[in-house]
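Data block below; observations after.
The values are calculated or read from the model by the stated rules, or taken from the named source; none is laboratory data. The model shown is predicted, which means the values in this text are computed figures rather than measured ones. Every residue, glycine as well, gets a Cβ built from its backbone with ideal geometry; the counts of neighbours run over all protein chains shown.
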Amino acid sequence: MRILVVEDDRKVAGFMQSGLRQDGHAVDVLHDGTAAGDQACTIDYDIVVLDLMLPGRSGLQVLRDIRARKPEMPVLILTAKDSVDDRVAGLDGGADDYMVKPFALAELSARLRAVLRRGRAHESTLRVADLEMDTVRRTVRRAGRNIDLKPKEYALLEFLMQHSERPVTRAHIIEHVWDIHFDSISNVVEVHINSLRQKIDRGFPAPLIHTVRGVGYLLGAAPS
C-alpha cells in the first residue's frame, strides 16, 4: 500500500517510514500540516497516518480538509493525546481509527491493514486462478504450493491481484507500490516483475503475469 505519514517528530516519522518500508509499503512523510491536506488529496494514497499536534495546521484541521475533498480516504490518527475527549474528537472528526503513542510498529501495521479491509470491504483472501494470497497472514500459495516473497514483491503482487484481469500501467504501479522519491527512469519495476514471474509462473503450466505491449502488465488469463 502507499501511505502518507504526517508527523512532526522526525525521529518517530523516520521509525515509521523505515519499519513500514521493510514491510514492502511505499511511504511518504510530511513534518507539518501546511500542505498535508493538499498532498493527501492530490496523490492517490491508500491511507494517511496523521498526528494531531502539528505545526502549520493541526491534525484535526488536516482531517477536515481531507474529509471535505476526499471523504473516502482512510485516515488513522496516531498521537500522544490520549484523553477520552481527544479520542472522541478525532473519531467524530472522521478518523477511521485512533492510536496513542508510544506504539508498537506491528500493531500499527495490523491496524492499517484492518482499516483498509473495512473501508474497501474486500475479502482477506485474494484469488486469481490457482493463485491465492492471504492478506492477513501475508502468505501466498499457488496450486497449494507455498511461495516465499520479499516485502516489495508481495506488495507488487497484491496490487496486481487487486487489479486482476485488467492491465495496469507502469505509472500506476509506481504510484501505489513505490514512494514519491522513486526514480521513474530506473528499471526496478521490470526487475520485480521478472522476479515475480520466476516465483509465480516458473514450473506451472499456465503463466499468470503477462506484459501488455504499450500498456503495462496484467495478472490473470492471457490477453487475447
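Key figures
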item	result
Checklist (1) free of Cβ contacts under 8 Å to residues at least 60 places away in the same chain; (2) within 29 Å of Gln39 (Cα to Cα); (3) part of a helix (DSSP H, G or I); (4) out of contact with any Phe, Trp or Tyr (no Cβ under 7 Å at 6 or more places or on another chain) applied to Ser186, failing item	(3)
Those residues of the range 55-80 which are closer than 22 Å to Leu20 by Cβ and either outside any loop (DSSP other than H, G, I, E, B) or more than 23 Å from the chain's Cα centre (by Cα) (or both), in sequence order	Gly59, Val62, Leu63, Ile66, Val75, Leu76, Ile77, Leu78, Thr79, Ala80
Residue match in the range 88-100 (condition: over 16 Å from Gln162 (Cα atoms), part of a helix (DSSP H, G or I) and of a type in the set (Val, Ile, Thr))	yes
Checking Glu175 against (1) assigned to a helix (DSSP H, G or I); (2) more than 26 Å from Ile77 (Cβ to Cβ), the condition it does not meet	(2)
Arg137 over 17 Å from Arg2 (Cβ atoms) and at pLDDT 90 or above	no
Failed criterion for Ile3 (all others in (1) buried (at least 21 other Cβ atoms within 10 Å of the Cβ); (2) of a type outside the set (Phe, Trp, Tyr); (3) over 27 Å from Met161 (Cβ atoms) hold)	(3)
Which numbered condition Glu107 fails, given (1) modelled with pLDDT of 90 or more; (2) outside any helix (DSSP H, G or I)	(2)
Every residue from the range 190-224 that is of a type in the set (Lys, Arg), under 19 Å from Thr169 (Cβ atoms) and either surrounded by fewer than 15 Cβ atoms within 10 Å (Cβ to Cβ) or in contact (Cβ under 8 Å) with a residue 60 or more places away in the chain (or both)	Arg213
Some residue of the range 211-223 being in a helix (DSSP H, G or I) and not hydroxyl-bearing (Ser, Thr, Tyr)	no
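Residues are listed down the side, and each one gets a yes or a no for (1) within 20 Å of His210 (Cβ to Cβ); (2) within 19 Å of the chain's Cα centre (by Cα); (3) surrounded by fewer than 19 Cβ atoms within 10 Å (Cβ to Cβ):
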position	(1), (2), (3)
Arg137	no, yes, yes
Arg145	no, no, yes
Ala155	yes, yes, no
His163	yes, yes, yes
His176	yes, yes, no
